[in-house]
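Here's the structure, in structure tokens; my notes come after.
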Amino acid sequence: MTDPAAAPRVPDHPVDRLFVERWSPRAFADEEIPRGELSVLFEAARWAPSSMNAQPWRFVYARRGTPAFARFVDLLNPRNQEWAVRSAALVAVVSRNLLDLPGKDAPVPSPTHSFDAGAAWAHLALQAHLRGWATHGMAGFDRERAQRELEVPSDHTIEAFVAIGRTGDPSVLPEWARAREVPSGRRPVAELVCEGSFRF
Ligand SMILES: Cc1cc2nc3c(=O)[nH]c(=O)nc-3n(C[C@H](O)[C@H](O)[C@H](O)COP(=O)(O)O)c2cc1C
């Protein structure tokens, strides 16, 4: 659902405004993000819940204006590059696919590493919003090249990239992106939830 007129950001139930006010713009302002601000966002991610408290999330980042930033941009799909190049920082959200179990000599495959990393990214995004920073997740990137060029070992998965910055003026965007620069709606809760068994 992307048409805000058809699905305005009005919650069905009285959630904190944080949840409906966070959204993912593509237009970023020139402002840089200090390392200390990024640390606050990673701190929020750190406190996410995870299966067995394994904390499988890892973050690799580059700030705009550093040599690493161009490398990160280059790993994104061309469409994402068009707007993410103006973000203040790009973060690769990585998770460890293996789990250390008490009493086992070798780690076992983790069934929840992506789920856990998703929780951490959500913490990061919500904390960013609370401090006036916008975030935009991206699954559109070259997975093989990113794994190699960011030196991510094979027992880890790059789940997504995240662009972070202050929201900017949509006029900086290419036409296709400008038209989409509005918060999207959501399916009603009634379409997502049922009691007892899966009846959709
Ligand atoms: C894991 C993930 C991957 C995404 N990949 C992309 C992407 O590659 N390019 C893009 O423009 N937006 C991407 N998005 C943004 C989603 O389209 C956006 O979050 C969704 O439409 C809901 O909008 P909102 O975040 O503004 O509420 C991604 C979001 C997530 C969470």
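The values are calculated or read from the model by the stated rules, or taken from the named source; none is laboratory data. Here the structure is a predicted model, which means the values were calculated and not measured. Here the Cβ positions follow ideal geometry from the backbone for every residue, glycine too, while neighbour counts run over all protein chains shown. Heads up: the accessible areas ignore ligands, DNA and RNA and are worked out on the full protein's heavy atoms, side chains in. Shrake-Rupley method; radii C 1.70, N 1.55, O 1.52, S 1.80 Å.
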Only residues that are more than 30 Å from V182 (Cβ to Cβ) and not in a strand (DSSP E or B): list them for the range 146-160, please.
Q147, R148, E149, L150, E151, V152, P153, S154, D155
Pairs returned, first residue in the range 139-151 that is free of Cβ contacts under 8 Å to residues at least 24 places away in the same chain, second residue that is more than 16 Å from the ligand (Cβ to nearest atom) and open to solvent by 70 Å² or more (accessible area, probe 1.4 Å), beta-carbon separation under 8 angstrom, 6 or more apart or interchain, are Q147/S154
The one condition in (1) out of contact with any strand residue (DSSP E or B) (no Cβ under 6 Å at 6 or more places or on another chain); (2) in contact (Cβ under 8 Å) with a residue 40 or more places away in the chain; (3) open to solvent by 40 Å² or more (accessible area, probe 1.4 Å) that W83 fails to fulfil
(3)
Which one is nearest to the chain's Cα centre (by Cα), of the residues in the range 172-200 that are more than 30 Å from W83 (Cα to Cα) and among the acidic types (D, E)?
E191
Residue in the range 146-194 that is nearest to the ligand (Cβ to nearest atom), counting only those that are open to solvent by 70 Å² or more (accessible area, probe 1.4 Å) and touching a Phe, Trp or Tyr at 6+ places or on another chain (Cβ under 8 Å)
T167
